[in-house]
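Undergrad: The structure under discussion is supplied below as structure tokens; questions concerning it will follow.
The values are calculated or read from the model by the stated rules, or taken from the named source; none is laboratory data. Since the model is a prediction, treat every value here as computed from it, not as a measurement. In this analysis, Cβ positions are derived from the backbone assuming ideal geometry, glycine residues included, and neighbour counts consider all displayed protein chains.
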Amino acid sequence: MKRRDLLVLGGIIAGIATVQGLLRRRDRDFVFDPLDDLPPFRRLETGAVTATDPLLIGLDSPTEARLDLRAAIRADPAAALFRDPPPGALPIAAFTDYNCAFCPQMSRTLVELGQARDDIHLSWHDLPLLGPGSDRAARAAVAADLQGAYLPVHEALMRTNLRPGPAALRALAEGHGLDPDRMVADAAGPQVAARIDTAHAMADVLGLAGTPATVVGRTIVLGRLERDDLDRLIALERAAPAI
């Protein structure tokens, strides 16, 4: 091939790369949808989400207790979502399901974010939407949280399925240095049930029909978000008035 042809080919390749880069940057621009019924919150959808069947949403009539929870959350969503973040920290709430295809990667991103930054406050909410296995794992994670070991158990459950029955729950507890009897009792107890009910009520109010979902300040992100985009969103939220 002649040198002139090589230069032309190189220019074409460089042009394609430039166009692709511009398209990638354009695709990564955030498009926010304001929630008129829940100001100042807004929605950002990424598409990388494991959703429940929309035809099944709302078929079950909510109990009076669930309606009361929704009303309390709607009156003060930040209190339910963020659990008293320290002054100056940007609050982030993570909703996850242990059977969700996109949740393990999003979970790792958030864990790494929490380890790398001291200007955020991260709250985890287990939102089991994908059947009995999801509910079983969520109860185990919240029960572990009652013994101060949420994150290691959360990460373990993101890697492996929790089998049904108390034996698997006991083994999980023992593997993390927890009291297995208390773990079994708490997983079936009212405190854990209340936490999960509250997560479902928050999902009702925020319109979360799938996971992962992350609330970064006032922005509700439905779907997985890459780390660099998450950092960009954090910068935008830190520049905005506190909610």
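Undergrad: Out of all the residues in region 62-120, which are in contact with a helix residue (DSSP H, G or I) (Cβ under 8 Å, 6 or more places away or on another chain) and among the small types (Gly, Ala, Ser)?
TA: Ala65, Ala72, Ala80, Ala93, Ala94, Ser107
Undergrad: Moving to a separate point now. So which residues in region 117-137 are among the aliphatic types (A, V, I, L, M) and closer than 19 Å to Arg224 by Cα, if there are any at all?
TA: Ile120, Leu122, Leu127, Leu129, Leu130
Undergrad: Further question on the same structure: Mind telling me which of the residues Asp29, Asp68, Asp60, Asp37 ends up being at negative phi, modelled with pLDDT of 90 or more and part of a loop (DSSP other than H, G, I, E, B)?
TA: Going through Asp29, Asp68, Asp60, Asp37 in turn, just one is at negative phi, modelled with pLDDT of 90 or more and part of a loop (DSSP other than H, G, I, E, B): Asp37.
Undergrad: Is it the case that Ala201 is at pLDDT below 95, in the same structural domain as Pro40 (by TED's automatic domain parsing) and under 30 Å from Ala235 (Cα atoms)?
TA: Details: at pLDDT below 95: no; in the same structural domain as Pro40 (by TED's automatic domain parsing): yes; under 30 Å from Ala235 (Cα atoms): yes.
No: the conditions fail for Ala201.
Undergrad: Take the conditions closer than 29 Å to Arg218 by Cβ and free of Cβ contacts under 8 Å to residues at least 24 places away in the same chain and apply them to Ala194. Does it pass?
TA: When the stated conditions are applied, Ala194 passes them.
Undergrad: If you go through region 135-176, how many residues are assigned to a helix (DSSP H, G or I) and surrounded by fewer than 20 Cβ atoms within 10 Å (Cβ to Cβ)? Give the steps one after another, and end with the answer.
TA: Here is the first cut: in region 135-176, the residues assigned to a helix (DSSP H, G or I) are 135-145, 150-159, 166-175.
Those left that are additionally surrounded by fewer than 20 Cβ atoms within 10 Å (Cβ to Cβ): 135, 145, 150-152, 155-156, 158-159, 166-168, 170-171, 174-175.
Residues flagged as assigned to a helix (DSSP H, G or I) and surrounded by fewer than 20 Cβ atoms within 10 Å (Cβ to Cβ) within region 135-176 amount to 16.
Undergrad: Take region 223-243 and flag every residue that is under 12 Å from Leu113 (Cβ atoms) and in contact with a Lys or Arg (Cβ under 7 Å, 6 or more places away or on another chain).
TA: Asp229
Undergrad: Please go through region 115-128 and pick out each residue that is aliphatic (A, V, I, L, M) and crowded, with 23+ Cβ neighbours inside 10 Å.
TA: Selection gives Leu127 alone.
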